[in-house]
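Below is one structure; the comments refer to it alone.
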Amino acid sequence: MKLTVRKSIVIITGVALAIILALKFYPRLTSHVVEIDLLSEAGISDGPYVFFDNKTTSVQWISNDSLFKLESKPSDYIHIGEGVDFKFQPKQLLALNSRPENQYDQVDKIATLSDIHGQYELYIQLLEANHIIDAKGNWSYGKGHLVIIGDAFDRGEKVTETLWHILKLRQQADKAGGKVHYLLGNHDVMVLNGDLRYIHDKYKTVAEQTGLSYAQLFAHNSLMGQWLRNCPVVLRINNIIFNHAGLSMAMVNSGQTIDKINNTFSTSIIDNNKDSIRASEELSLLARSQGPIWYRGYFRDTTLTNASIDSILHHFNVNHIVVGHTSMEQVEVLFDKRILAADTSIKRGENGELLIIDNNRFYRAGLDGKKELLW
Ligand code: ZN
C-alpha cells in the first residue's frame with residue numbers, strides 16, 4: 001500500500017493526538033490502590049476515615065500512633081489490609097443501595113444480632129461459628145439477610161473495624177443476592193449528634209491525633225457518616241419488625257408508620273439539637289424514652305399484656321418484633337412469641353448469641369455454632 005504525503009500527515013497527527021489524549025486521561029484510566037496497613041504492635045491503630053471534598057477523596061488513618069493522610073482520586077481503590085481485609089472504591093460503595101428499602105417479603109433466612117459496642121472479635125466469632133461468614137470473614141450466607149439492630153458504637157475499642165466489616169459484608173451480600181441491614185440504635189444517634197459521653201478512651205486519642213472531634217470523623221462529608229445517615233431505625237422483613245429498642249403504645253397512639261419513623265429520624269432527629277427536639281412534641285416522643293431507640297417497656301412496663309402487644313403488632317401489621325438495647329444473657333422470647341430480645345450482652349466481650357429465623361423456625365445460636373430451636 002502506498003502512502004501519500006497527505007495520508008502520512010493525517011496518520012501522524014492522529015497518532016500524536018491519541019497520545020496527547022491518553023496522557024491527559026491517564027490518571028483517570030488507571031486506578032491506584034491506597035493500601036491501609038494498621039499495625040497493632042504497641043500504639044494505637046485506627047481507621048481509615050474517608051472524607052469527600054468536591055473532586056477529591058481524602059483518607060486518614062493511624063498506625064502505631066502515627067497519623068497518615070493522603071488525597072486520592074475518585075477512581076482509586078482503598079484496601080484495608082490485615083483483619084477486615086476489604087478493598088473498595090469509596091463512591092461506589094456508597095452508591096450501593098444508598099437509601100435502602102425498609103420492607104422486604106419472602107425472605108427465607110434471617111440472622112440477627114445487636115449491640116456489638118466495639119466487640120469486633122466476638123462479632124466475627126459469632127458470625128463465623130454460624131456460617132454467616134467464612135473463616136476469612138467473607139459473606140457465606142447466600143441469599144440470607146443479616147440484620148444488625150444498632151449500637152455498634154461506644155464502650156468498646158473496635159468500633160471502626162466493626163463498621164468497615166459491616167460495609168464489606170453489605171457489598172458481598174448484595175452480590176450474592178442477600179442483604180445486610182444496619183439499623184440505628186441510641187448510641188449511633190448519640191455519636192452522630194455529637195454526644196460523645198460513652199466513647200472508649202482510644203477514640204479520644206484518635207480524635208486528638210486527627211485534629212477533629214470524634215463526631216467530625218462521622219460527619220456529612222465522611223463515607224461512614226453518609227452511610228449511617230441513610231440507615232433506617234425500623235425495618236420489616238416478612239411478618240417481623242426489627243428495631244433497636246422497641247415500638248411502644250405511644251407510637252400506635254400517635255399514628256406512626258415504619259416510613260414515618262424512618263423519615264422523621266433522618267430529617268429531624270439526626271443532626272438536630274436537643275433543644276429543638278425538646279420543643280416539638282412529636283420529635284420528643286420519637287427521640288426519648290417512649291421512642292424506638294430508647295424504649296424499655298417490653299422489659300420494665302408491668303402493665304403491658306399480650307393484648308396490648310397485640311394492638312402494637314396489629315397497628316404495624318406484623319406478628320413479631322425483634323429488639324436489642326436491653327441486655328439479656330441469651331436470646332429471650334417474651335409475650336408468648338410476640339417479642340424477641342436479641343441483645344445478648346456482646347458488649348461485655350465474653351459471650352453472645354444470634355437469633356436465626358430459617359423458614360419460619362426460630363433458633364438461638366451460640367459461639368459454638370449450635371442452634372437451639374425456640375419454636
Ligand atoms: Zn441501645
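The values are calculated or read from the model by the stated rules, or taken from the named source; none is laboratory data. Predicted, not measured: the structure shown is a model, and the values here were computed from it. In this analysis, Cβ positions are derived from the backbone assuming ideal geometry, glycine residues included, and neighbour counts consider all displayed protein chains. The accessibility values were calculated without ligands, DNA or RNA, using every heavy atom of the protein model including side chains. Shrake-Rupley method; radii C 1.70, N 1.55, O 1.52, S 1.80 Å.
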**Request:** Test residue 62 against the criterion of being closer than 13 Å to residue 207 by Cα and crowded, with 21+ Cβ neighbours inside 10 Å, and give yes or no.
**Result:** yes
**Asked** What are the residues in segment 73-94 that are buried (at least 19 other Cβ atoms within 10 Å of the Cβ) and part of a strand (DSSP E or B), if any?
**Response** 78, 80, 86, 88
**Asked** Of the residues that sit in segment 324-375 and are aromatic (Phe, Trp, Tyr) and not in a strand (DSSP E or B), which one is surrounded by the fewest Cβ atoms within 10 Å (Cβ to Cβ)?
**Response** 375
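Take the conditions of a type in the set (Ser, Thr, Tyr), more than 14 Å from the ligand (Cβ to nearest atom) and under 30 Å from residue 295 (Cα atoms) and apply them to residue 210. Does it pass? Explain how you work it out, then say what you get.
Values: of a type in the set (Ser, Thr, Tyr): yes; more than 14 Å from the ligand (Cβ to nearest atom): yes; under 30 Å from residue 295 (Cα atoms): no.
Considered against the rule, which asks whether it is of a type in the set (Ser, Thr, Tyr), more than 14 Å from the ligand (Cβ to nearest atom) and under 30 Å from residue 295 (Cα atoms), residue 210 comes out as no.
Among 242, 316, which is the only one that is of a type in the set (Phe, Trp, Tyr) and over 28 Å from residue 163 (Cα atoms)? Before the answer, list the steps.
Values: 242 fails: over 28 Å from residue 163 (Cα atoms).
Going through 242, 316 in turn, the sole match is 316.
Here is a list: 160, 210. Which entry is of a type in the set (S, T, N, Q), crowded, with 20+ Cβ neighbours inside 10 Å and either closer than 21 Å to residue 39 by Cβ or touching a Gly at 6+ places or on another chain (Cβ under 6 Å) (or both)?
Working: 210 fails: crowded, with 20+ Cβ neighbours inside 10 Å.
It is 160.
On the basis of being within 16 Å of the ligand (Cβ to nearest atom) and either in a helix (DSSP H, G or I) or not assigned by TED's automatic domain parsing to the domain that holds residue 143 (or both), does residue 313 make the cut?
Values: within 16 Å of the ligand (Cβ to nearest atom): no; either in a helix (DSSP H, G or I) or not assigned by TED's automatic domain parsing to the domain that holds residue 143 (or both): yes.
Against the criterion (within 16 Å of the ligand (Cβ to nearest atom) and either in a helix (DSSP H, G or I) or not assigned by TED's automatic domain parsing to the domain that holds residue 143 (or both)), residue 313 does not qualify.
For (1) open to solvent by 10 Å² or more (accessible area, probe 1.4 Å); (2) closer than 23 Å to residue 86 by Cβ; (3) touching a His at 6+ places or on another chain (Cβ under 7 Å), each residue gets a yes or a no:
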position: 164; (1), (2), (3): no, yes, no
position: 169; (1), (2), (3): no, yes, no
position: 174; (1), (2), (3): yes, yes, no
position: 183; (1), (2), (3): no, yes, yes
position: 188; (1), (2), (3): no, yes, no
**Prompt:** Looking only at segment 230-285, which residues are touching a residue at least 40 places away in the same chain (Cβ under 8 Å), assigned to a helix (DSSP H, G or I) and buried (at least 19 other Cβ atoms within 10 Å of the Cβ)?
**Reply:** 251, 258, 262, 265, 269
**Prompt:** Within segment 144-151, is there a residue that is crowded, with 23+ Cβ neighbours inside 10 Å, modelled with pLDDT of 95 or more, away from the ligand (no atom under 16 Å from the Cβ) and under 13 Å from the mean Cα position of the chain (by Cα)?
**Reply:** yes
**Request:** Go through (1) β-branched (Val, Ile, Thr); (2) assigned to a loop (DSSP other than H, G, I, E, B); (3) under 28 Å from residue 144 (Cβ atoms) and name the single condition residue 199 misses.
**Result:** (3)
